[in-house]
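Colleague: Structure incoming, see below.
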Amino acid sequence: MQKHLPNFITLLNVFCGCVATVFAVLNNLEMAALFVALGIFFDFFDGLAARVLDVKSELGLQLDSLADVITSGLVPGVVMFQLLAMSQSGGWNLNGASFLGESGVDWVSYLPFFGFVITMASAYRLAKFNLDENQVSSFIGLPTPANALLIISLPLILFYNGSESVNAIILHPWFLVLLTILSAYLLNCNLPLFALKFKNWSFKDNALRYIFLTISLVMIITMKFLAIPFIILFYILSSLVQEKFSK
């Protein structure tokens, strides 16, 4: 029972990803974001459980990546699809007219499908991660859960933080296209980033992690969902500073 507990937690991540996918397809992006966040929680907790119980396995590693392909790969792709569809015609329509257009031949009508570049880049990153032995205590490239949080924050900002100017930027097709390209690049670039894995609770050994979590919490309290893109940016900049000083 103890041996299979982390894998069961990972399967809960799979379940959350499946539910989030359904909500994202139905254009209920708030509920999709909720289940993605819950899935990411299980993604963090399964690794913690495996370390605490000392039951790490190759099966668990593969299962974890397969779960992330759904929760942190497929769902962000669908969310970006929906946002690109909104930028074209105002939202999802079950008969397809909202994003295929009346004629269905204009290349602009197919622009929402570009959002699945995020899913493709996420799957490629996760495959590389499983083969890379240098990403045990740190990451090379933006982790898929962090990228998923970045993408799902956009509709939440529209719902809760949006102003006319912010909404106009987020729903601009070129902004979404460029963000999709940037997302795919960050997932697979040779960028060293620190991991939020605590081997102990010492401040000396985890100073950057404690500082990052504290500042992130303050940003979330003061900025709500608008804080998430700035937290991701802060995460990248903090990692670059740490890498520079470590060298």
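Colleague: On the protein heavy atoms, probe 1.4 angstrom, tell me the percent of accessible surface of the range 141-197 carried by carbon and sulfur.
Modeller: Details: 1700 of 2380 Å².
Solvent-exposed carbon and sulfur of the range 141-197 make up 71 percent of the total.
Colleague: In square angstrom, what is the accessible area per residue of the range 186-247 with a 1.4 angstrom probe?
Modeller: Here the per-residue accessible area is 66 Å².
The values are calculated or read from the model by the stated rules, or taken from the named source; none is laboratory data. The structure presented is a predicted model; accordingly, all values stated were derived computationally and were not measured. Accessible surface areas use protein heavy atoms only, side chains included; no ligands, DNA or RNA. Shrake-Rupley method; radii C 1.70, N 1.55, O 1.52, S 1.80 Å.
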